[in-house]
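Shown next, in structure tokens, is the structure this report addresses.
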Amino acid sequence: MAFTNINIDTNTLPQAAALEMQPMPQAYQREIMTQLVIIFVPVFLVSWLSWLLPIPEPTVKFVFKFLPLLIVVIAVLVSVLTVMQFRVKAYALREQDIAYRSGLVFRKTVLLPFNRVQHMEVTSGPLQRRFGLASLKFFTAGGASVDLKIAGLEAPEAERLRIFILRRSQGNNVS
């Protein structure tokens with residue numbers, strides 16, 4: 001029997017960019033912003049200690065006096081970038097796979113076929129639980145680390161996706 005390898009017209013292949021993506025819930029943006037507040041408020045408050053320290057060197061004193069302002073500028077910049085990154089994140093569920101788009105500067109779309117999924121985890125930290133959110137983690141054969149993690153899903157949706165994909169990966173029909 002002779003080996004043949006038929007050429008495929010790439011124009012007939014489905015386009016990943018044409019996927020109808022589901023945006024992440026707004027509660028996820030609120031959770032991310034809360035994380036930033038938890039990080040930056042204590043740092044900002046500690047930076048004010050520089051005003052209380054007796055620093056004799058004028059140059060060093062000048063730098064320390066502007067430390068709170070620098071922290072505010074950094075916090076605003078990080079917050080703006082975080083909101084922009086949130087708007088990029090989205091997922092799509094199809095019959096045979098799940099797609100996840102992320103990345104602000106370096107855009108990435110991961111397509112994970114259900115038949116590659118070994119197991120999944122739904123996890124939720126204290127802050128995620130406060131906002132009714134969860135993360136769905138996918139593991140495939142050949143590794144102990146997470147192959148795909150979709151953070152910020154509404155908790156019931158994460159569980160529905162897990163059950164649906166688990167049934168699909170086992171070859172069962174979903175009713």
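The values are calculated or read from the model by the stated rules, or taken from the named source; none is laboratory data. Quick caveat: nothing in here was measured; it's all calculated off a predicted structure. Note that each Cβ is placed from the backbone with ideal geometry, even for glycine, and that neighbours are counted across all protein chains shown.
Would you confirm whether any residue within region 44-64 is among the β-branched types (Val, Ile, Thr) and within 30 Å of VAL83 (Cα to Cα)? For region 44-64, residues among the β-branched types (Val, Ile, Thr) and within 30 Å of VAL83 (Cα to Cα): present.
Taking region 102-151, which residues are among the β-branched types (Val, Ile, Thr) and assigned to a strand (DSSP E or B)?
Those that are among the β-branched types (Val, Ile, Thr) and assigned to a strand (DSSP E or B): THR109, VAL110, VAL117, VAL122, THR123, THR140, ILE150.
For LEU112, are the conditions met, namely being under 19 Å from LYS137 (Cβ atoms) and over 15 Å from the mean Cα position of the chain (by Cα)? In short, yes. For region 7-36, the set of residues classified as in contact with a Leu (Cβ under 8 Å, 6 or more places away or on another chain), part of a helix (DSSP H, G or I) and either within 23 Å of PRO126 (Cα to Cα) or at pLDDT 95 or above (or both) consists of ALA27, TYR28, GLU31, THR34, GLN35, listed by residue number. Screening LYS89 on (1) within 14 Å of ILE32 (Cβ to Cβ); (2) surrounded by fewer than 16 Cβ atoms within 10 Å (Cβ to Cβ); (3) not small (Gly, Ala, Ser) shows it passes everything except condition (2). The residue that is surrounded by the fewest Cβ atoms within 10 Å (Cβ to Cβ), counting only those in region 132-150 that are more than 15 Å from ARG162 (Cα to Cα) and touching a residue at least 12 places away in the same chain (Cβ under 8 Å), is ALA141.
All told, PHE3 meets the bar of being outside any helix (DSSP H, G or I) and surrounded by fewer than 11 Cβ atoms within 10 Å (Cβ to Cβ). Scanning region 51-69 for residues that are surrounded by fewer than 12 Cβ atoms within 10 Å (Cβ to Cβ) and touching a helix residue (DSSP H, G or I) at 6+ places or on another chain (Cβ under 8 Å) turns up just one, LEU53.
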